[in-house]
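Data block below; observations after.
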Amino acid sequence: MAYVYENVPPGQYPKPQTKVIWKTFWILFFVTALEFLLAFTMPTGGLRTSIFVLMTLVKAFYIVAEFMHLKHEVKGLVYAILIPTIFVIWLIGAMFIEGGSIYDLVYNLYKK
Amino acid sequence: MAHSATATETKSKTSVWFGGTEPFKASWGKLMMWYFLLSDAFTFSGLLVAYAVLRFTKPSYYESEYAKQFASIKEAGEKFVSSDAYWPIPEKIFDAFPFFHGQYLPLVFVGLMTFILIMSSVTMVLAVEAGHRRHRADVEKWMLWTILGGLTFLGCQAWEWTHFITGTDKGAVRDVWMNGEWVKQTIHGANLFINEYGPAPFAFCFFTITGFHGFHVFSGVLINIIVFYNVAMGIYDRPGRNYEMVEKVGLYWHFVDLVWVFVFTFFYLV
């Protein structure tokens with residue numbers, strides 16, 4: 001972000017612009033609260049895990065987009081950061097599935 | 001800067017990648033912070049990938065013979081017993097809170113830690129905002145709150161680790177290899193090789209992942225203190241200087257918060 005007020009003489013400060021910051025905070029707060037609610041009310045399973053992962057990505061979006069200000073950067077920078085990250089997040093997801101697959105293989109071998 | 005301004009005048013818009021301009025419209029310092037964070041994200045992803053494989057190559061509690069004797073998933077959940085044969089349910093393990101000894105308060109403490117870290121992220125972004133206004137007193141105030149939040153989080157984590165290592169009063173019976181034979185022994189707490197909560201990789205992942213994250217919080221607090229010192233000394237108020245350094249440490253601090261969001265989901269909730 002550009003420093004718009006670079007020429008402001010000391011003592012004469014513009015008004016704080018904090019509306020977006022607090023809005024983002026409340027979104028993060030409610031998503032986390034909802035996660036807790038689900039953790040205690042919903043039975044465990046694939047659906048619950050998917051909802052948790054989805055909500056994590058929502059939180060990650062708001063932290064990166066608003067707090068880290070990436071949403072307001074130049075497109076090239078956004079892609080430079082996002083594209084590698086998307087691949088590596090896919091790797092984490094793939095390994096969760098792969099782990100389950102290895103488990104099936106190994107434990108079914110033992111049973112025979 | 002003056003150099004790049006004259007260069008852009010003579011070049012058309014299409015030559016944005018041919019030098020003399022700032023294609024990303026960000027200073028080199030900020031770009032390098034972004035690239036550092038990207039590489040750091042890969043490091044954390046490496047840990048999470050290892051965790052994913054270690055966890056799901058173990059049976060889950062609900063698939064165990066013990067859990068299957070109960071009529072419903074709910075009842076099985078209530079009658080949870082830890083064993084090294086299956087991965088534990090995290091909310092049954094992380095159920096302690098300081099000064100509430102022996103009470104079952106699942107995930108409350110880790111919820112508080114999450115709240116503290118998100119809150120400190122908010123105060124950090126408020127410090128950055130104050131920096132844009134060049135309001136030194138506000139920057140100082142919000143940076144101090146951020147440092148305090150970071151220290152509180154570290155304190156919470158120290159307590160959490162102490163509790164995890166010390167263990168519960170009850171402990172758990174495990175087979176331990178002693179003098180050439182397997183012996184049944186009640187063990188308390190956890191180390192890298194054996195723990196009362198579940199298979200060895202459970203504690204191993206806990207120590208590495210939360211430990212590496214805690215190390216990031218620790219270094220974040222140190223960098224915040226250095227930048228706070230610079231702010232308080234008025235270094236960023238000097239002619240030609242601005243508060244961009246607050247923004248750069250802010251990026252790092254938000255990243256630490258971001259990592260915690262993922263650790264929280266994958267280690268404590270799933």
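The rows are residues; the columns are (1) in contact (Cβ under 8 Å) with a residue 12 or more places away in the chain; (2) over 30 Å from A:Phe61 (Cβ atoms); (3) more than 9 Å from chain A (Cβ to nearest Cβ).
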residue: B:Ser45; (1), (2), (3): no, no, no
residue: B:Leu48; (1), (2), (3): yes, no, no
residue: B:Tyr62; (1), (2), (3): yes, yes, no
residue: B:Ala85; (1), (2), (3): yes, yes, yes
residue: B:Ile93; (1), (2), (3): yes, no, yes
residue: B:Gly102; (1), (2), (3): yes, yes, yes
residue: B:Phe115; (1), (2), (3): no, no, no
residue: B:Ser120; (1), (2), (3): yes, no, yes
residue: B:Met124; (1), (2), (3): yes, no, no
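Conditions (1) within 9 Å of chain B (Cβ to nearest Cβ); (2) modelled with pLDDT of 90 or more, marked per residue:
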residue	(1), (2)
A:Thr18	yes, no
A:Trp22	yes, yes
A:Leu34	no, yes
A:Pro43	yes, no
A:Val58	no, yes
A:His69	yes, yes
A:Tyr107	yes, no
A:Lys111	no, no
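Among the residues of segment A:37-81, what is the count of those that are among the acidic types (Asp, Glu) and outside any helix (DSSP H, G or I)? Here the count works out to 1. Being surrounded by 18 or more Cβ atoms within 10 Å (Cβ to Cβ) and in a helix (DSSP H, G or I), is that true of even one residue in segment B:184-198? No, that holds for no residue.
The values are calculated or read from the model by the stated rules, or taken from the named source; none is laboratory data. From a predicted model like this one, the values you see are computed outputs, not experimental measurements. Because the Cβ atoms are built from the backbone with ideal geometry, glycine has one as well, and the counts that use them run over all protein chains shown.
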